[in-house]
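Have a look at the structure below, then the notes.
The values are calculated or read from the model by the stated rules, or taken from the named source; none is laboratory data. The structure presented is a predicted model; accordingly, all values stated were derived computationally and were not measured. Here Cβ is always computed from backbone atoms with ideal geometry, including for glycine, and neighbour counts include all displayed protein chains.
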Amino acid sequence: MTSELDIFVGNTTLIDEDVYRLWLDGYSVSDAVALRVRSGILEQTGATAAVLQSDTMDHYRTFHMLERLLHAPPKLLHQLIFQIPPSRQALLIERYYAFDEAFVREVLGKKLSKGTKKDLDDISTKTGITLKSCRRQFDNFKRVFKVVEEMRGSLVDNIQQHFLLSDRLARDYAAIVFFANNRFETGKKKLQYLSFGDFAFCAELMIQNWTLGAVDSQVDDMDMDLDKEFLQDLKELKVLVADKDLLDLHKSLVCTALRGKLGVFSEMEANFKNLSRGLVNVAAKLTHNKDVRDLFVDLVEKFVEPCRSDHWPLSDVRLFLNQYSASVHSLDGFRHQALWDRYMGTLHGCLLRLYHD
Amino acid sequence: MPGKLKVKIVAGRHLPVMDRASDLTDAFVEVKFGNTTFKTDVYLKSLNPQWNSEWFKFEVDDEDLQDEPLQITVLDHDTYSANDAIGKVYIDIDPLLYSEAATVISGWFPIYDTIHGIRGEINVVVKVDLFNDLNRFRQSSCGVKFFCTTSIPKCYRAVIIHGFVEELVVNEDPEYQWIDRIRTPRASNEARQRLISLMSGELQRKIGLKVLEMRGNAVVGYLQCFDLEGESGLVVRAIGTACTLDKLSSPAAFLPACNSPSKEMKEIPFNEDPNPNTHSSGPSTPLKNQTYSFSPSKSYSRQSSSSDTDLSLTPKTGMGSGSAGKEGGPFKALLRQQTQSALEQRGGSPHRFCRRREFPFFTLTAFPPGFLVHVGGVVSARSVKLLDRIHNPDEPETRDAWWAEIRQEIKSHAKALGCHAVVGYSESTSICEEVCILSASGTAAVLNPRFLQDGTVEGCLEQRLEENLPAGCGFCHIPYDELNMPFPAHLTYCYNCRKQKVPDVLFTTIDLPTDATVIGKGCLIQARLCRLKKKAQAEANATAISNLLPFMEYEVHTQLMNKLKLKGMNALFGLRIQITVGENMLMGLASATGVYLAALPTPGGIQIAGKTPNDGSYEQHISHMQKKINDTIAKNKELYEITPPEISEEIIGSPIPEPRQRSRLLRSQSESSDEVTELDLSHGKKDAFVLEIDDTDAMEDVHSLLTDVPPPSGFYSCNTEIMPGINNWTSEIQMFTSVRVIRLSSLNLTNQALNKNFNDLCENLLKSLYFKLRSMIPCCLCHVNFTVSLPEDELIQVTVTAVAITFDKNQALQTTKIHVEKSLQRASTDNEELLQFPLELCSDSLPSHPFPPAKEHLESASSNSGIPAAQRAVTVEKASPMGEGNFRNRSAPPCANSTVGVVKMTPLSFIPGAKITKYLGIINMFFIRETTSLREEGGVSGFLHAFIAEVFAMVRAHVAALGGNAVVSYIMKQCVFMENPNKNQAQCLINVSGDAVVFVRESELEVVSTQQPTANCQPSCTGGEVTT
């Protein structure tokens, strides 16, 4: 006796959250059944393995049919085939677009192309996430990217509108799209200590302050591309380190203000010129795409690592950065105050976030 | 009444990409009705076209309006080649033809293609203007309302229940026409869908005409079926119960229908019946003829050897084809028999000049209070026929004659049970190649004539009748003459009123009457059976089947009886026995809901007897089994809370002086065969069922009895509308369909292996359901409807549709407690009046008894007065399936952001926690789906899963477009699945029906009624408007 056909269709589509998770995680039906057995469900319900198998198959089939609709979530809301309560629809969408930290760190900043897709095998092996799940997550990134690129208006709003994600998840996707578009390098060994959250935080600041959208909300792609003019202008900041007088003045201003307040004052004093040079040079280099990509590598190399090697506590870094940014306003010979604020305001937030072990 | 049909095509959405180059579609729409077609403009390059067409107007006869569906085709415009069809929508405009239903059909409909399934949606608005033109010769029956619901619809009152209406139409099946060889599968499927739609329209119109002739205005319990007879054609047939209904003005006032006896009564009901009814045996009617009147019908059935009271041993079913061999003409014998019975009838009622109704049948399963007087038992008949080509579709005489024979038989069985009517009546067929089994079954009953149009019972008699009826047990009292019983039954005095005789078990096809007193809860009971059969051709095949049928019926009933005893229960409701024929086997599946009726005696246990009593180990084995059985019975009694009042036994002693014992199961069934009294043998133990284990088969049977696992705790199941003993439903419901197909390993199949496979299939299916619905606990699966088919040699397909309803556990416990107390009380009060009839009942000896049964009625009536009213009050209050207030605490979650309105579907006639305020019309849809890329669509499971989901979606969309928010009395009448995995192909046909309704949550209703007391509320949750 073999089962040829075995289906269950409810007027309200049954969604089992646990099975959905297993499906999203890319487990095959048999693996999923094994995992469910291990969870002790048979003992709880008195069911048999055959029942579990049939149930899992049913859910997998349903999810497979829903997947097409999940690719364009508004369709899920308007379709007539599956009657699903709104709260469940939201859950289906949110979970489908959720991603694994380990996975996103692997592809963050990479071009969402076929080439990267080929690397998913390796990523899967490395992270222990099933290839199927990797593919879904990658395709989600790519799909969101495709839909929102060249779109007007706020990136987060666009994502929310077209994919009906929660605010938090939409922000994460905005970061992913922003990173993918600007191809920021995040995979270097130096950067391994950083979490997706760190990058997402920086991305948000950069979107708010450094993109076209920060100055003009009526252009295509406004939140995706960095403001080229702004990057060009950043060269002007070079004077802060090129002009020796200016650099000395800056240093003395900072040192005067921080004397006695900083645990690592002497280290700061000794390193001031290096640190300042590093931060300003990062800005000046941003005209080249290549250097834009290396932004985070540079920040870590030029600022985070030196401070860390001198064991600066985070509070001292905060004090220093505050003073370092603010003191520029007192430099009479420096004319690019607004530019400096736009640059340093964002960098300040980013650096604080990046500064941890 | 010609009419003007107006259609507007508004927009489309989610259309498929038809032009690969642009990834877009140039869509336009053809609107067709009859022979007229209109087209919209082409909306270029869009998957969400906005046509916003003008109103397309069709001026048509109302006859066409009833028959024809509106056909909407969405196409992709192609400049150079033929336009590609995207899909179609068929809209049945019948709901627009009667005033109280929908006024407009408007909404998003899924665009359906038989090859690709649903491909986007289209927004359509349809209206009808009817003109009055009364001079025309009436061919149409606009205005007659149709209901699938098998009870009086909730917001109506039955003025008169006229009775049985039936009709069938036949046609050639387009799939088998020569042209099918040259047309595409799509064209063929569409031709079939369209034809069936046309035929059902025609059928409904014809039935409507009959109803108008009877002066009714509605058909209740309308059941329409298709017989796909293959080469020999396509039959669409329908049965129903004609009624005159009055709409209750206020949705809140649900008055029982019995308040106004009709003034129009003209004739005695079922005047052709030579048996005076038990109830008409008042003083005004002399009763001399009662005893003898049984004999003609009885001898008739004996002589023709064709009467199988469904439980009969007589191989009635074999009759048709069995005689074929002898007499050459296959159906002569039956025809003769029919004419004979017709003559007999005429002789029996010479003074009747006009027979308004041929068959006193009712497709209803639930009745207005007081309608059902007595229930006799299940009657059924089957007949095996060879299909031949239908030569003249306009004269479907053969099919008509076949059904007429069967119905005639049913009638005579009912007569033999002393009943003048059959309720809970249904008909079905099973077809395999050119052999067809026709089946009909129902419950013989005595009805209160007040509701029937041509009843002439004097007022005084009526009064007496009413007093005569003790509530809660009246229907259990035997309608037949105990001295002339049509079969050997084991009678006792009613445990409720102590006045009348009741059988020891009662089988019926109806729902549990609302006033019945039940102890504990009920449960689903199934008997499952397979029998191998040699492959054969034509007549030889029919004969083989005919020979097998009686044995199957016997065994099915044995199983049912055993399982019932094992549950400690004494009555079955909603019994449905399905016999399915396949190439090399027959399958029998009986489902029913077992309950413990307080009025019937406590069932005895099951006794096992070995054949070789000297063998020690064998004895031990037997006693071990016996213990197991006893344990199971005890466990079940606890599980289903069956705690009948013990006192009754002591007070009464045994009302039967000489309890008869039986050695074989069947004999003890009250509905069992009609003539084999001499086989009743005495056995040692009192009142016990004895299973004789004389071979391995019997052993298997006992084992299989014990393998049925009860549902996990928190679950109950039944196949009736509501579960006895549970009356505090919450509003959460989940309707579902589950389909399973298993392939049997063909090697050395034995009956036993087959039985086991089949049994496992059903049990596993139930287990799966319990598992899937575990989040709804505590819940009850109601209206569990199993259908079995044998699509191919080694395939068994089981389809289940049911609804899971949650209930409030705490309140359930409370009410049962009260309930038990009440029945205890009742038992004790009743006991005092007990010994008025120290009657000696001895049913198997039939000497002429001096006791006139009618007198008994009279006396009981006089001594009984007063009590029933009080009892009725109690039971009515208890039986209401939706007690006020039970639902307020838990209402459905608000669906605030949803853009698609929720449409509930349920096989029940009501929605828990809600009131139905309007019936919008019948939904009757037929779909075909075919694929040539089975693997790509996820195999057979993927294919059928998607198709059923699509069918649900289309039903919901139609209901929503009518302005409704639920379908009640939903059934999937057919699900024919065929596959050819080698060719990567599959095809499936599904037929569903139900009543589209508007319901309002009780909580909302209160708000509405306080705000605007008389509002005929159009509820806020209509959900019909699907907005973009």
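Tell me which residues, restricted to the range B:534-592, are among the aromatic types (F, W, Y) and over 19 Å from B:I642 (Cβ atoms).
B:F551, B:Y554
Here are some residues: B:L572, B:L639, B:L586. Which one is in contact with a Cys (Cβ under 9 Å, 6 or more places away or on another chain) and surrounded by 23 or more Cβ atoms within 10 Å (Cβ to Cβ)? Write out each step before concluding.
On the way: B:L572 fails: in contact with a Cys (Cβ under 9 Å, 6 or more places away or on another chain); B:L639 fails: surrounded by 23 or more Cβ atoms within 10 Å (Cβ to Cβ).
The unique qualifying residue is B:L586.
Test A:F199 against the criterion of being closer than 17 Å to A:L354 by Cα, touching a Ser or Thr at 6+ places or on another chain (Cβ under 7 Å) and part of a helix (DSSP H, G or I), and give yes or no.
yes
Just to be sure before I move on: is A:F272 farther than 19 Å from A:K302 by Cβ and not hydroxyl-bearing (S, T, Y) in the structure I sent?
no
Can you name every residue in the range B:725-757 that is aliphatic (A, V, I, L, M), under 29 Å from the mean Cα position of the chain (by Cα) and either within 9 Å of chain A (Cβ to nearest Cβ) or outside any helix (DSSP H, G or I) (or both)?
B:I726, B:I733, B:M735, B:V739, B:V741, B:I742
Under 8 Å between Cβ atoms, which residue pairs at least 6 apart in sequence (or on different chains) link something in the range A:139-159 that is farther than 11 Å from A:I176 by Cα with a partner that is among the polar types (S, T, N, Q) and crowded, with 18+ Cβ neighbours inside 10 Å?
Note: pairs meeting the criteria are A:V147/A:N158; A:V148/A:N158; A:E149/A:N181; A:M151/A:N158.
Taking the condition within 21 Å of B:A445 (Cβ to Cβ) and assigned to a strand (DSSP E or B), does B:I577 pass?
For B:I577, the condition - within 21 Å of B:A445 (Cβ to Cβ) and assigned to a strand (DSSP E or B) - is met.
Within the range B:12-57, track down each residue that is small (G, A, S) and assigned to a strand (DSSP E or B). Spell out the reasoning first.
Restricting attention to the range B:12-57, the residues satisfying the condition of being small (G, A, S) are B:12, B:21-22, B:27, B:34, B:46, B:53.
Correct list: B:G12, B:A27.
Which of the residues belonging to the range B:928-958 are polar (S, T, N, Q) and either under 17 Å from B:E121 (Cα atoms) or in a strand (DSSP E or B) (or both)? If you could, list the steps in order and put the result at the bottom.
At the first step, the residues of the range B:928-958 found to be polar (S, T, N, Q) are B:931-933, B:941.
Listed by number, the list holds a single entry, B:T931.
Can you name every residue in the range A:1-28 that is in contact (Cβ under 8 Å) with a residue 24 or more places away in the chain, among the hydroxyl-bearing types (S, T, Y) and within 7 Å of chain B (Cβ to nearest Cβ)?
A:S3, A:T12
Just to be sure, is B:I796 over 21 Å from B:T720 (Cα atoms) and part of a strand (DSSP E or B)?
Against the criterion (over 21 Å from B:T720 (Cα atoms) and part of a strand (DSSP E or B)), B:I796 qualifies.
With the requirement that a residue be more than 30 Å from the chain's Cα centre (by Cα), at the interface with chain B (Cβ under 8 Å from one of its Cβ atoms) and over 16 Å from B:R740 (Cβ atoms), what does the range A:51-67 give you?
A:T62
Yes/no per residue for (1) within 14 Å of another protein chain (Cβ to nearest Cβ); (2) closer than 26 Å to B:N719 by Cα; (3) modelled with pLDDT of 90 or more:
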residue	(1), (2), (3)
B:S909	no, yes, yes
B:Y919	no, yes, yes
B:N924	no, yes, yes
B:E930	no, no, yes
B:G938	yes, no, no
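Under the condition of being among the hydroxyl-bearing types (S, T, Y) and at pLDDT below 90, which residue from the range B:723-772 is farthest from B:C988 (Cα to Cα)?
That would be B:T730.
For the structure I just gave you, tell me whether B:L769 is within 8 Å of chain A (Cβ to nearest Cβ), assigned to a helix (DSSP H, G or I) and closer than 28 Å to B:E950 by Cα.
yes
Contact list please: Cβ distance under 6 Å, first residue in the range A:29-55 and in contact (Cβ under 8 Å) with a residue 24 or more places away in the chain, second residue assigned to a helix (DSSP H, G or I) and β-branched (V, I, T), pairs at least six apart or on different chains.
A:V29/A:T56; A:A32/A:T56; A:Q53/A:V33
It is to be established whether one or more residues within the range B:912-923 are farther than 30 Å from A:L164 by Cα, surrounded by fewer than 24 Cβ atoms within 10 Å (Cβ to Cβ), of a type in the set (K, R) and in contact with a Lys or Arg (Cβ under 8 Å, 6 or more places away or on another chain).
yes
Applying the selection to the range A:84-134, what residues are of a type in the set (S, T, N, Q) and either assigned to a loop (DSSP other than H, G, I, E, B) or within 14 Å of chain B (Cβ to nearest Cβ) (or both)?
Scanning the range A:84-134 gives A:S87, A:Q89, A:S113, A:T130.
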